[in-house]
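Novice: Please see the structure below; I have some questions.
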Amino acid sequence: MYNTKAYAAASATSPLSLTQIGRRAPTEHDVQMEILFCGICHSDVHSVRNEWSNFMSTTYPIVPGHEIVGRVTQVGSAVTKYKPGDLAAIGCMVDSDGICPNCKAGFEQFCSNMILTYNSPDKHLGGVTYGGYSDNIVVDERFALRVPDNLDLAGVAPLLCAGITTYSPLRHWGVTQGKKVGVVGLGGLGHMGVKFAHAFGADVVVFTTSPNKKEDALRLGADEVVVSRNADEMQQHAGSFDFILDTVSAKHDINAYLNLLRPDGNVTLVGAPPNPLEIPAFSLIMGRRSLSGSIIGGIAETQEMLDFCGEHNITADVEVIPIQKVNEAYERLLNSDVKYRFVIDMASLKTE
Ligand code: NAP
Ligand code: ZN
């Protein structure tokens, strides 16, 4: 084990601040990476503030961060995919059992023994796993991803969560040319959802509570923008959508979106508001509509998504910040004031 610098929160009400954490010395299947960039996901905020305590309680101190891009510094003797100096990335998972039907089908995210990048039991060192707001990290090579070499690295980091979380359900629900697709919420996930749905050839409508994001939404690939607080604008789209991806992080009225579906249409939730949503039966039974959820994506699909981004030159729109501004960035996220993903330049941690 060795010690390294990280930013951690000591409680649900503490700001993130500098600390030292332990990382395991790389074992034979491990890759050690110097972290160059780490995105800030709204899940980091939910976790740091223990807002999901009913589902997954937070263990403190917590070191968040699961949108990690870095450079390999050391590899174990059995590692075949990476060598020192290579670029590599890590998303929301760092381990799974590898033998269950879900793992075998490429759905590590559904494995009951899946280990999250932070706030999951750490079988190597005890305690919990620590995420990417840190100098470096050690991971089994099965959970490291190859980074296309033509993309801006800060813009790649958010692909590891916001990217795959939107790519996977859009693919699963068959979003292609000729489909009318809605994306609710233009934040980190939402703006990636717009880019992918547009790249897949769909007719894309963005639903936002922020009228000032309209021009950006069109630039990102939307064909139309609806201000969701305007009932008339909403009504014009009643019964017309094949698929709607809901990325909203807070309490909101999901029935307003179910009512916009055509028969057999689907709303998929990727946003994870802490409190239950209210759904009247009639929102679903009329038109045989369905409501689903989706969580990140498997490792193979994450690699497919990164390769797709390399081929189509897709990255996140980012605001790069030093780690010293992380607490301010959390407040701005809570005010929907992000264009469209904060990414921490980890070089800033070296100055502390
Ligand atoms: P984000 O950047 O903060 O974006 C959320 C967007 O939702 C905001 O920009 C805002 O868009 C809209 N919004 C916020 N509060 C709202 C409210 N009260 N009513 C209506 N709209 C509101 O967050 P993110 O990082 O994209 O994450 C979004 C959610 O997805 C979080 O709950 C996160 O935990 C979850 N998540 C889930 C997965 C998964 O695997 N399922 C993975 C990652 C994240 P407008 O300004 O356009 O309205
Ligand atoms: Zn995330």
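Novice: May I ask you to list pairs of residues, at least six apart or on different chains, whose Cβ atoms are under 9 Å apart, with the first in segment 88-103 being part of a helix (DSSP H, G or I) and the second being open to solvent by less than 20 Å² (accessible area, probe 1.4 Å) and more than 16 Å from ligand 2 (Cβ to nearest atom)?
Specialist: Partner pairs satisfying both residue conditions: Asn102/Ser96; Asn102/Cys111; Cys103/Ser96; Cys103/Cys111.
Novice: Let me ask another. Residues Glu311, Glu319: which one is of a type outside the set (Gly, Ala, Ser), more than 25 Å from Lys179 (Cβ to Cβ) and not assigned by TED's automatic domain parsing to the domain that holds Thr247?
Specialist: Glu319
Novice: Can you tell me which of Thr80, Thr73 is part of a strand (DSSP E or B), open to solvent by 40 Å² or more (accessible area, probe 1.4 Å) and over 30 Å from Asp223 (Cβ atoms)?
Specialist: Thr73
Novice: Given the residues Leu220, Leu189, which is the only one that is within 15 Å of ligand 1 (Cβ to nearest atom), more than 30 Å from Glu51 (Cα to Cα) and within 20 Å of the chain's Cα centre (by Cα)?
Specialist: Just a single option satisfies the conditions, and that option is Leu220.
Condition check ((1) in a loop (DSSP other than H, G, I, E, B); (2) among the acidic types (Asp, Glu); (3) more than 16 Å from ligand 1 (Cβ to nearest atom); (4) in the same structural domain as Ala250 (by TED's automatic domain parsing)) across all residues:
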residue	(1), (2), (3), (4)
Tyr7	no, no, yes, no
Ser43	no, no, no, no
Trp52	yes, no, no, no
Met56	yes, no, no, no
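Novice: Going through Val31, Val45 one at a time, which residue ends up being more than 16 Å from ligand 2 (Cβ to nearest atom), open to solvent by less than 10 Å² (accessible area, probe 1.4 Å) and of a type in the set (A, V, I, L, M)?
Specialist: Answer to the check: Val31.
Novice: If you don't mind, there's one more thing I want to ask. Which one of these does Val94 not meet: (1) of a type in the set (Val, Ile, Thr); (2) touching a Lys or Arg at 6+ places or on another chain (Cβ under 8 Å); (3) open to solvent by 20 Å² or more (accessible area, probe 1.4 Å); (4) within 16 Å of ligand 2 (Cβ to nearest atom)?
Specialist: That leaves (2) as the condition not met.
Novice: It is to be established whether one or more residues within segment 211-224 are open to solvent by less than 80 Å² (accessible area, probe 1.4 Å) and of a type in the set (S, T, N, Q).
Specialist: No, every residue in segment 211-224 fails to be open to solvent by less than 80 Å² (accessible area, probe 1.4 Å) and of a type in the set (S, T, N, Q).
Novice: Okay, moving on. Name the pairs whose Cβ atoms lie under 8 Å apart, with the first residue in segment 35-47 and of a type in the set (Asp, Glu), the second surrounded by fewer than 24 Cβ atoms within 10 Å (Cβ to Cβ) and part of a helix (DSSP H, G or I), and 6 or more positions between them or separate chains?
Specialist: From segment 35-47, the pairs are Asp44/Tyr330.
Novice: Conditions: (1) open to solvent by 60 Å² or more (accessible area, probe 1.4 Å); (2) touching a strand residue (DSSP E or B) at 6+ places or on another chain (Cβ under 9 Å). Leu269 meets all but one. Number of the miss?
Specialist: Tallying (1) open to solvent by 60 Å² or more (accessible area, probe 1.4 Å); (2) touching a strand residue (DSSP E or B) at 6+ places or on another chain (Cβ under 9 Å), Leu269 fails exactly one: (1).
Novice: Taking only pairs six or more apart or across chains, which ones have beta-carbon atoms under 6 Å, a first residue in segment 222-244 that is within 17 Å of Leu261 (Cβ to Cβ), and a second residue that is part of a loop (DSSP other than H, G, I, E, B) and open to solvent by 80 Å² or more (accessible area, probe 1.4 Å)?
Specialist: Phe243/Trp173
Novice: Follow-up question, since we're still on this one. Against the definition (away from ligand 2 (no atom under 15 Å from the Cβ), of a type in the set (Ser, Thr, Tyr) and touching a residue at least 40 places away in the same chain (Cβ under 8 Å)), how does Ser168 come out, yes or no?
Specialist: Taking the combined requirement at face value, the residue does not satisfy it.
Novice: Going through segment 159-187 one residue at a time, which ones are touching a strand residue (DSSP E or B) at 6+ places or on another chain (Cβ under 6 Å) and open to solvent by 10 Å² or more (accessible area, probe 1.4 Å)?
Specialist: Within segment 159-187, Trp173, Lys179, Lys180 meet the criteria.
Novice: Only one of these is within 16 Å of ligand 2 (Cβ to nearest atom) and of a type outside the set (S, T, N, Q): Ala162, Ala199, Ala144. Name it.
Specialist: Just a single option satisfies the conditions, and that option is Ala162.
Novice: Kindly check whether there is at least one residue in segment 290-312 that is touching a Ser or Thr at 6+ places or on another chain (Cβ under 8 Å), touching a residue at least 24 places away in the same chain (Cβ under 8 Å), more than 10 Å from ligand 1 (Cβ to nearest atom) and among the β-branched types (Val, Ile, Thr).
Specialist: no
Novice: Another question, then. (1) surrounded by fewer than 17 Cβ atoms within 10 Å (Cβ to Cβ); (2) in a loop (DSSP other than H, G, I, E, B): which one isn't true of Pro26, the others all being true?
Specialist: (1)
Novice: From the list Glu278, Glu331, Glu352, Glu304, which one is farther than 24 Å from Lys213 by Cα and under 22 Å from the mean Cα position of the chain (by Cα)?
Specialist: Answer to the check: Glu304.
The values are calculated or read from the model by the stated rules, or taken from the named source; none is laboratory data. Everything numeric in this text was worked out from a predicted model, so none of it was measured. Every residue, glycine as well, gets a Cβ built from its backbone with ideal geometry; the counts of neighbours run over all protein chains shown. Quick note on the areas: whole protein, heavy atoms, side chains included, nothing else; ligands and nucleic acids left out. Shrake-Rupley method; radii C 1.70, N 1.55, O 1.52, S 1.80 Å.
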